[in-house]
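Reviewing the structure listed below.
Every read-out reported here was derived from the displayed coordinates using simple, explicitly stated rules and does not represent laboratory data. Please read these numbers as outputs of a predicted model, since none were measured by experiment. When we count neighbours, we look across all protein chains shown, and the Cβ atoms used for this are built from the backbone with ideal geometry, even at glycine.
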Amino acid sequence: MSIRKVKFVNNHYYHIFNRGVDKREIFSEPDDFTRFFQSMDEFNTQNPIGSIYQNSFNPLRSSTPKCEKLVNFICYCLNPNHYHFVLEQLVDNGIEKFMQRLGTGYTNFFNHKYKRGGSLFQGKYKDVFIDSNEYLLHVSAYVNLNDQIHQLRSSTSKSSWREYISDSFGDHNFCVKGVILDQFNSREEYKNFAEDSLKFMKEKKEMEKFLLE
C-alpha cells in the first residue's frame with residue numbers, strides 16, 4: 001500500500017511512523033524512552049496541557065480527571081532512530097493535533113537535554129490508511145514485532161508486544177487491544193499469528209511497503 005496524504009476519519013485506523021533526521025537516534029538513553037512514552041500518554045487529550053516539564057511541579061496535576069482522548073493507541077514500537085504507531089482517530093483532527101503536540105514537545109525536551117537545535121524528526125510523519133481488517137491484523141504484527149525485524153534488544157527498543165501476549169502486564173495496559181485480540185481465541189493464538197505473519201512478510205518481501213525510505 002502506497003504512502004499518501006490522507007484525510008483522517010474518526011473511528012478509522014492509521015499506520016503512523018517517522019524517524020530521526022539524517023537517520024539519527026531519537027532515543028539515546030533509557031530516560032528518553034520514558035519521556036516519549038509519557039508524552040504519548042499526556043499529550044493525548046482534547047484539552048491543551050502546556051509543558052510536561054512545568055506540569056511536573058503542579059501537585060494538583062495527578063488528581064485532575066483526564067479529559068477525553070484524541071486517539072486510541074492500538075499498538076506501538078519505539079526503536080532507537082524511529083517509531084511506529086497504529087492509531088484510531090477519535091475526534092476531528094485528533095491525529096494531527098496529537099502528533100503536532102508529540103513532535104514539538106519531545107523535540108523541545110531532546111534539544112534542551114542534549115544542547116542541540118533544529119529539527120529532530122525527518123520532516124512530517126508518514127501516514128497510511130488501514131483500509132481492511134486483514135491489513136490491520138498484519139500491521140499490528142509488523143508494529144508489535146518491529147524490534148525483532150531490526151534485531152534489537154529489549155533495552156534498546158520498546159513495544160506493545162508484551163501487552164498483547166501477557167495476561168500479567170496490566171500495569172502497562174496502554175493500548176486498546178480488543179479490536180485485535182477479540183478476533184482470536186487466546187493471546188497465544190494471536191502470538192502465533194503475528195509471528196507467522198512476520199515470517200510471511202519477510203519471505204514475500206511484503207515489508208517493503210512499510211519501510212521509512
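For labels at Thr45 and Tyr114 in the simple 7 Å Cα→Cβ model, what's the distance in nm?
In this crude spin-label approximation the distance works out to 2.8 nm.
Can you list, largest first and rounded to whole Å, the semi-axes you get for the stretch 88-163 by taking the square root of 5 times each eigenvalue of its Cα gyration tensor? Display every interim value, and only then the final one.
Values: eigenvalues 132, 84, 23 Å².
Equivalent ellipsoid of the stretch 88-163: 26, 21, 11 Å, largest first.
Run the simple label-point estimate for Ile149 and Phe200 please: 7 Å along Cα→C-beta, distance reported in nm.
About 1.6 nm, to one decimal.
Cβ under 10 Å from Phe121's Cβ, Phe121 left aside: what net charge do those residues give with Lys, Arg +1 and Asp, Glu -1?
That sum, taken over residues with Cβ under 10 Å, equals +3.
Amide H neighbours of Phe27 under 5 Å, at least 5 residues apart or on other chains, H built in the peptide plane: list them.
Residues meeting the criterion, in which the H sits 1.01 Å from N, do not exist here.
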